[in-house]
C-alpha cells in the first residue's frame with residue numbers, strides 16, 4: 001500500500017445538502033496512486049487524530065481527488081468551513097479498495113446515504129453495465145444521482161419516507177434484478193442484507209465497512225474487525241485490510 005502526506009489546495013467546494021459537502025483538491029501523486037474504494041486521512045487543526053474521508057472521485061489526468069462527506073462532529077464541521085484556495089494536509093491513498101474485475105459484467109452497486117461516495121468512482125468503470133441502488137432518508141438527502149447518471153449508470157432510489165422512488169429499504173430493489181456481481185457500502189444492517197442476497201444468488205460481493213479509525217494505517221487497534229480466511233478466524237483492521245472486503249471473509253458481531 002503506497003501512501004504519502006501532501007498539502008493539497010482546494011480548487012472547488014459545493015454544499016450538496018444541509019449537512020453534506022463536496023470538495024475537490026489538487027493532489028498530484030496522491031491522485032495517480034489512488035483506487036476506487038480507498039480513503040484519505042485529513043488533518044484537522046487542534047485535533048490529535050486525522051479524519052478519515054472516503055475518496056469519491058479520482059482524476060489522474062488533472063491530478064485531483066474529490067471528497068464528499070457529511071458533518072458528523074467537530075472535525076468534519078471544520079472541514080465544511082474550508083474555502084477554495086485553502087490547503088488541506090492529506091495522508092492518502094489509504095486502505096484496500098474495490099477489485100473491479102471484468103467491467104463488462106452486470107454489476108449492482110448498493111449504497112445508503114453517505115455510503116454512496118465510495119461507490120461513484122468504481123461504478124464509472126462499468127458504465128451502462130452498472131445498476132445503482134441508492135437509499136436515503138428522504139428526497140432532500142439524495143446525493144450524487146446525476147453524477148452516477150453521467151457515468152452512464154442506471155439509478156434506482158429508495159427513501160425511508162417514500163418521498164422519492166421506492167418507499168422502503170434499498171435492498172428491496174435487489175429482488176427483481178439480474179446481476180453478476182455486487183459492490184456495496186453503507187450501514188451494517190444494510191450490508192448484512194446485501195451479503196445474504198449475494199449468498200442466495202451465488203454471486204461475488206465486495207463490501208466497504210464503516211468503522212471509527214484512529215491511525216488509519218493499521219498500527220493501532222482502533223478499527224479491529226473479525227475476519228475469516230481458509231477456515232481460520234482472526235482480527236484484522238478495517239483501515240489496512242479493508243475498508244473493502246470480500247463478503248465471505250467478514251464475521252458479523254451479534
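For residue 161, the conditions (1) out of contact with any helix residue (DSSP H, G or I) (no Cβ under 8 Å at 6 or more places or on another chain); (2) within 25 Å of residue 244 (Cα to Cα); (3) surrounded by fewer than 21 Cβ atoms within 10 Å (Cβ to Cβ); (4) without any contact (Cβ under 8 Å) to a residue 40 or more places away in the chain are fulfilled apart from (2). Inspect segment 89-100 for any residue being outside the structural domain of residue 193 (by TED's automatic domain parsing), closer than 13 Å to residue 24 by Cβ and in contact (Cβ under 8 Å) with a residue 60 or more places away in the chain and give the result as yes or no. Yes: segment 89-100 contains one or more residues that are outside the structural domain of residue 193 (by TED's automatic domain parsing), closer than 13 Å to residue 24 by Cβ and in contact (Cβ under 8 Å) with a residue 60 or more places away in the chain.
Across segment 239-250, which residue is surrounded by the most Cβ atoms within 10 Å (Cβ to Cβ) among those that are modelled with pLDDT of 90 or more and in contact with a strand residue (DSSP E or B) (Cβ under 7 Å, 6 or more places away or on another chain)?
Residues of segment 239-250 that are modelled with pLDDT of 90 or more, as a first pass: 243-250.
Those still in the list that are in contact with a strand residue (DSSP E or B) (Cβ under 7 Å, 6 or more places away or on another chain) too: 243-247, 249-250.
On the way: 243: 28, 244: 24, 245: 20, 246: 14, 247: 19, 249: 16, 250: 18.
The extreme case among them is 243.
What residue, among those in segment 24-50 that are in a strand (DSSP E or B) and free of Cβ contacts under 8 Å to residues at least 60 places away in the same chain, is farthest from residue 92 (Cα to Cα)?
So in segment 24-50, the residues in a strand (DSSP E or B) come out as 24-26, 39-42.
Now drop any that are not free of Cβ contacts under 8 Å to residues at least 60 places away in the same chain, which leaves 24, 26, 40, 42.
On the way: 24: 14, 26: 13, 40: 5, 42: 9 Å.
Checking each candidate, the answer is 24.
Every listed requirement among (1) farther than 29 Å from residue 48 by Cβ; (2) modelled with pLDDT of 85 or more is met by residue 236 save one, (1). Please indicate, with yes or no, whether at least one residue in segment 151-174 is within 21 Å of residue 129 (Cβ to Cβ) and out of contact with any strand residue (DSSP E or B) (no Cβ under 9 Å at 6 or more places or on another chain). The answer is no, given that none of the residues of segment 151-174 is within 21 Å of residue 129 (Cβ to Cβ) and out of contact with any strand residue (DSSP E or B) (no Cβ under 9 Å at 6 or more places or on another chain).
I want to confirm something. Restricting to segment 54-85 and keeping residues that are touching a residue at least 40 places away in the same chain (Cβ under 8 Å) and over 16 Å from the mean Cα position of the chain (by Cα), which single residue is farthest from residue 113 (Cα to Cα)?
We begin by selecting, within segment 54-85, every residue touching a residue at least 40 places away in the same chain (Cβ under 8 Å); these are 54-58, 64-71, 79-80, 82-85.
Checking the rest, the ones that are also over 16 Å from the mean Cα position of the chain (by Cα) come to 64, 79-80, 82-85.
Working: 64: 24, 79: 19, 80: 18, 82: 23, 83: 24, 84: 25, 85: 28 Å.
The qualifying residue farthest from residue 113 (Cα to Cα) is 85.
Across segment 1-23, what is the total count of residues that are in a loop (DSSP other than H, G, I, E, B) and either modelled with pLDDT under 95 or farther than 24 Å from residue 210 by Cα (or both)?
Initial filter on segment 1-23 (in a loop (DSSP other than H, G, I, E, B)): 1-3, 16-19.
Narrowing further to those that are either modelled with pLDDT under 95 or farther than 24 Å from residue 210 by Cα (or both): 1-3.
Qualifying residue count, segment 1-23: 3.
The values are calculated or read from the model by the stated rules, or taken from the named source; none is laboratory data. From a predicted model like this one, the values you see are computed outputs, not experimental measurements. Cβ atoms come from the backbone with ideal geometry, glycine included; neighbour counts cover every protein chain shown.
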